[in-house]
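Below is one structure, written out as structure tokens; comments come after it.
The values are calculated or read from the model by the stated rules, or taken from the named source; none is laboratory data. Since we're looking at a predicted model, the values are computed, not measured. Methodologically, a virtual Cβ is constructed for each residue, glycine included, from the backbone with ideal geometry; neighbour enumeration extends over all protein chains shown. What goes into the accessible areas is simple: the full protein's heavy atoms, side chains included, and nothing from ligands, DNA or RNA. Shrake-Rupley method; radii C 1.70, N 1.55, O 1.52, S 1.80 Å.
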Amino acid sequence: MALVALVVLATVAGVMALPATAQDAGDANGTASFNRSTVTEHRGDIAAIPVTLSGTTSATVTVGSGAVNYATNVTVNDTDADGQVTLRMNTYLAGAGENESEVYRAGNDTVTETNRTTEPLDTPLEASTYNLSVAVDGRETDTASLELMGRTDGDLVTWTAPAASFDNITTARDVATAVNAGRITTTDSVANGDVAVNQFRVSGVYGALAASNFSTLVETGTLDLSMVQTNPETNRPPKRLDLERSLENDSIRVIPDGGNDVLYVNVNTTTAVFENGSLAAGDEFETALTLNGSEGFAGDDRTVSANVTMVGAELGLGALSLSADTNQTVRGTTSVAPGSEVTVRLQRNASDSFVKTNTTRVRPNGSFAATFNLSQVAAGTPVMVEATGPLNTSDSTSAVVRASQSTDTAGGTASVSLADQTTGGETIRLDSVTLPAGGFVVVNASNGSAERAVGVSSYLENGTSRNVTVQLDQPLDDDARVRAVVHADSNENQVYDFASANGTQDRPYTVDGTPVAASARATVVETTQRTSTGANASTAPNATGTLVTTAAGADTQGTTMGAETTDETGPGLGPVVAVLAVLVAGLAAWRVR
């Protein structure tokens, strides 16, 4: 009676214990299945066989059959209880040993038992189709197939990486991150001292690499890596990589990425050992990976190779122009690997009172740029500029900080105004232009199409000019919307250089980054031009190349066609003086008669 009571109490409390085997198997209706009908992999690589479990945490997968002389039962347990187990099968090792304990892995889950029912094999599994089945408690619940394909010969792509990155790139994920960040880039040349990254696109080797390290595979002749000079000096033996010594001093790092059929072999050219001489700029090498056919990789030896050239590590600064403004950039180029760090230092000559540094990275095209804020530096300050990169590269130069070239007029000191107007199409009249430091006005026009520049004023002094007439280089044939844009004379040569300097000089004055401009409507009307060509008149080009007609003996000052300007001290009398001169000459002739 006491025993019966104890069982009843345990049952009511809900803690009655089941046998361990029942717990592992789960419900009698538990199932396991493959989520695909065919698993495909290359011979010698690692096949991933996905298994989904429902109502159980344990299942047995059978790989192969007697018909292909390979059959193994593998029991797995869903240790993390997520209902998924990925069984990883090393097809290079399968069937080779006394048992299959080293052949199968399950990641975060567990392989609890392996049982091969066929005889050992002398070589890795051949390319063929292998049956897959999965069972729960001895009940087969699903079937699929494993398709092993013949291994493929790919190619070799050469890359480079900064010397400092060799110890930081150790996994396929590290490589992918560095590639995305631009710190590993494709190239057929490597700076002496940087990392030569060899990307072998091959399959069928990743099972061997998972079972043994690269050095052991080299020692056994399974794999071989070579770098042999192809342009040795006359009567000199070629330089070649001493693979054994370079492996011993950790100058070579092998990174398998079996999921993408890629094998990275990184060579640290700073410490790698070469026979018959040290690396030098201009040395050309053929890099090759050889797979031993007798090891089951293929029917015969297979080699994947490519050429690479060593270059000297160099760094140089570009042309330098600094002004007392923000965003002042120092640029340069270098042969060291993209992603390498370059530190740029600005210092007042022979003084520690002014020092600025900025560290940047080399871009994929080999250039670098560092930006500084020099808005608080006095114009005329002499500075020394030095750039220092890896592999003992550096360059220096000097410059004098120019006056501020900023065209931003947040205080409102630059402005332009014009009204809707009627024109013969050859000029546009501006009501007023205000410039804080001199400059030009560019007239743009649009009549439904893209806006284009049609004229530029002559140089305008600082201050306010009124009634400015701009002669158009491209006269207007039809009515148009015109926009006047105010430009600075940033190089102070009184010549408009914005177009010829590709926008680097004489940029527009701005307010909060927006060009200072005004727009109006220009209505074009036909006009008749009359030109005096009598004995008392002459026609000649002025300093700007514009034809100017003047009467003989008249004062030509103020008659130049282009921008007629008036400052705040008086009206513009140029046209009036010209007309008066013609009238006076005519009156004198009339009196003689």
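Electrostatic tally near D506: other residues with Cβ closer than 12 Å to its Cβ, Lys and Arg +1, Asp and Glu -1, net -2.
Consider all pairwise Cα distances in the range 81-199 and report the whole-number % of them above 18 Å. In whole percent, the share of Cα-Cα pairs in the range 81-199 beyond 18 Å is 69. In this Cβ point-charge picture (+1 for Lys and Arg, -1 for Asp and Glu), the range 230-297 has a dipole of about 160 debye about its Cα centre.
Here's how it looks for F354: its modeled amide H is under 5 Å from those of R348, which are all 5 or more places away or on a different chain.
Solvent-accessible area of the range 31-149 (1.4 angstrom probe, protein heavy atoms only): carbon and sulfur portion equals 42 percent. Highest mean packing comes first when the peptides 137-146, 238-247, 158-167, 201-210 are listed by Cβ atoms within 10 Å, giving 201-210, 158-167, 238-247, 137-146. Of the residues V383, P338, L322, the one whose Cα sits farthest toward the positive end of the charge dipole of the range 315-401, with +1 on the Cβ of Lys and Arg and -1 on the Cβ of Asp and Glu, is P338. The HN-Hα couplings worked out from phi for the range 227-242 by the Karplus form 6.51 cos²θ - 1.76 cosθ + 1.60 (θ = phi - 60°) are 10, 10, 5, 9, 10, x, 5, 4, 6, 10, x, x, 6, 8, 5, 8 Hz, whole numbers, x standing for Gly and Pro.
The phi-based Karplus calculation (6.51 cos²θ - 1.76 cosθ + 1.60; θ = phi - 60°) puts the 3J(HN,Hα) values of the range 480-488 at 8, 8, 10, 10, 9, 10, 8, 10, 7 Hz, whole numbers, x for Gly and Pro. Using the empirical formula 2.2 N^0.38 Å as the baseline, the Cα radius of gyration of the range 31-149 reaches a ratio of 0.97.
Each Lys and Arg adds +1 at its Cβ and each Asp and Glu adds -1 at its Cβ; summed about the Cα centre, the range 31-149 shows a dipole of about 180 debye. Classify the range 317-391 as rounded, prolate or oblate, taking a ≥ b ≥ c as the square roots of the eigenvalues of its Cα gyration tensor: rounded when a/c is under 1.5, otherwise prolate if a/b is larger than b/c and oblate if not. Because a/c hits 1.5 or more and a/b exceeds b/c, the range 317-391 counts as prolate. Taken one residue at a time, the phi angles of the range 498-509 give Karplus couplings (6.51, -1.76, 1.60, θ = phi - 60°) of 4, 6, 5, 9, 6, x, 8, 10, 6, 6, x, 5 Hz. Gly and Pro are set to x.
Only the Cβ atoms of Lys and Arg (+1) and of Asp and Glu (-1) were treated as charged; on that basis the dipole of the range 153-311 about its Cα centre amounts to roughly 320 debye. Rounded to two decimals, the Cα-based Rg/Rh of the range 189-309, with Kirkwood Rh, is 0.97.
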